[in-house]
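In what follows, a structure is listed as structure tokens, so that the remarks can point back to it.
Rule-based calculations on the coordinates, nothing more; no lab input. Since we're looking at a predicted model, the values are computed, not measured. Because the Cβ atoms are built from the backbone with ideal geometry, glycine has one as well, and the counts that use them run over all protein chains shown.
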Amino acid sequence: MIEVPQAAIDLAKRFEGFHRVARQDPHRAYPYICPAGFWTIGYGHLCAQTHPPMSMEEAEEILATDLQVALKATLRYCPVLATEPEHRLAAIVDFTFNLGAGRLQMSTLRRRVNQQDWEGAKRELGKWVYGGGRVLPGLVLRRQAESMHI
């Protein structure tokens with residue numbers, strides 16, 4: 001079985017961050033609304049507003065599970081990545097983790113990856129920078145980082 005690439009873990013941690021309330025409880029993350037308008041906790045885990053606070057260790061366990069789900073979906077929709085260099089898999093796993101399997105499934109990005117059109121895949125990644133109807137600078141940076149892995 002293919003493992004989640006370390007580069008995918010690093011990308012997710014880098015761009016999601018571990019959000020904590022430093023003055024109140026610097027060792028625990030609390031639910032917050034992400035720039036796209038969703039309740040989130042830990043490293044980008046979608047949750048209810050009432051989700052209990054969590055430690056960094058708990059957040060890392062949940063991230064590992066979430067990335068495993070993203071990996072399975074990525075390989076289901078882009079089977080060519082099973083035989084490509086790990087860095088390419090990492091980029092698309094991070095995309096899937098960030099935006100969801102449904103977005104990958106219906107995307108031109110999926111077609112470009114399965115055609116092994118890596119320049120086309122980079123261009124397609126650059127289109128996925130919107131959240132809440134506006135361009136989010138964090139997503140621009142994230143897509144650029146993912147493109148560097150393609």
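Normalising the average separation of contacting C-alpha pairs (under 8 angstrom, six or more residues apart) by the number of residues puts the relative contact order of the chain at 22 percent. The Gln116 and Glu3 beta-carbon pair, evaluated with R₀ = 35 Å, returns a calculated FRET efficiency of approximately 0.95. Ala101 to Met148: FRET efficiency via 1/(1 + (r/R0)^6), r the Cβ-Cβ distance, R0 25 Å, to the nearest 0.05? So the FRET efficiency works out to roughly 0.65. If a paramagnetic tag sat 7 Å from the Cα of Ala82 along the Cα-Cβ line, which residues of the range 112-126 would have the backbone N under 19 Å from that point? 112-117, by backbone N distance to the label point. Using the alpha-carbon atoms, what tilt in degrees (0 to 90, nearest 10) does helix 86-99 show relative to the longest principal axis of the chain? Roughly 50 degrees, rounded to the nearest 10.
Once mean projected area of the Cα convex hull in nm² is calculated for the structure shown, the corresponding label among (1) 13.2; (2) 10.3; (3) 8.7 turns out to be (3). Taking 7 Å steps out from each Cα toward its Cβ at Val21 and Gln49 produces label points 1.4 nm apart.
Listed from fewest to most Cβ neighbours within 10 Å, the set Glu146, Glu119, Glu124, Glu86 follows the order Glu119, Glu86, Glu124, Glu146. Relative to the longest principal axis of the Cα atoms of the chain, the long axis of helix 137-149 lies at roughly 40 degrees.
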